[in-house]
Amino acid sequence: MKIRHAACNCGRLRLSTHAEPTRISICHCLACQQRTGSAFGIQARFAEADVQVEGQSTEYLRIAESGDAVRYGFCPICGSTLFYRLLGVPGTISVPVGGFADPDFPAPTVSIYEEHRHRWLVLPDGIQHEY
């Protein structure tokens with residue numbers, strides 16, 4: 001099984017996993033756009049037991065469009081969000097795919113909050129469309 005490593009921009013906050021993601025999604029919500037500074041967020045979800053986090057993180061709690069709480073873990077030095085927990089999906093941890101810095105990371109299979117999608121963005125064939 002492949003071990004994947006992710007890190008914040010300065011490298012002080014890191015995580016690793018030996019498991020494959022249970023879900024990889026692209027999110028078009030406005031909060032993800034603001035958090036990433038991009039037109040979307042892309043994240044891989046793992047079972048929390050399969051992820052080891054090293055280093056100090058600061059937390060930020062916000063309420064998502066769905067009404068569920070999301071607890072973000074970000075580096076207190078560089079501010080990069082390295083992981084987050086959807087409190088409505090206990091036992092999981094999501095990792096922004098960019099943290100892995102791996103161009104061979106698998107493509108997303110799910111697209112969410114498409115009402116906020118930038119119209120020029122072309123999604124992969126066969127992607128599942130949710131809310």
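No value in this document is a laboratory result; all are computed from the given coordinates. Model, not experiment: these values are computed from the prediction. Cβ sites come from the backbone with ideal geometry, for glycine too, and all protein chains shown count toward neighbours.
Counting Lys and Arg as +1 and Asp and Glu as -1 over every other residue whose Cβ lies under 13 Å from the Cβ of Glu115, the net charge comes to -1. What number, in percent, do you get for the relative contact order of the chain if the mean sequence gap of Cα pairs under 8 Å and at least 6 apart is divided by its residue count? Result for the chain is 27 percent.
What's the Cα-based Rg to Rh of the chain, Rh via Kirkwood? My calculation of the ratio gives 0.94.
Go ahead and estimate [θ] at 222 nm for the chain from helices alone: -39,500 (n - 2.57) per DSSP H run with n ≥ 4, summed, over the residue count, rounded to 500.
About -1500 deg cm²/dmol.
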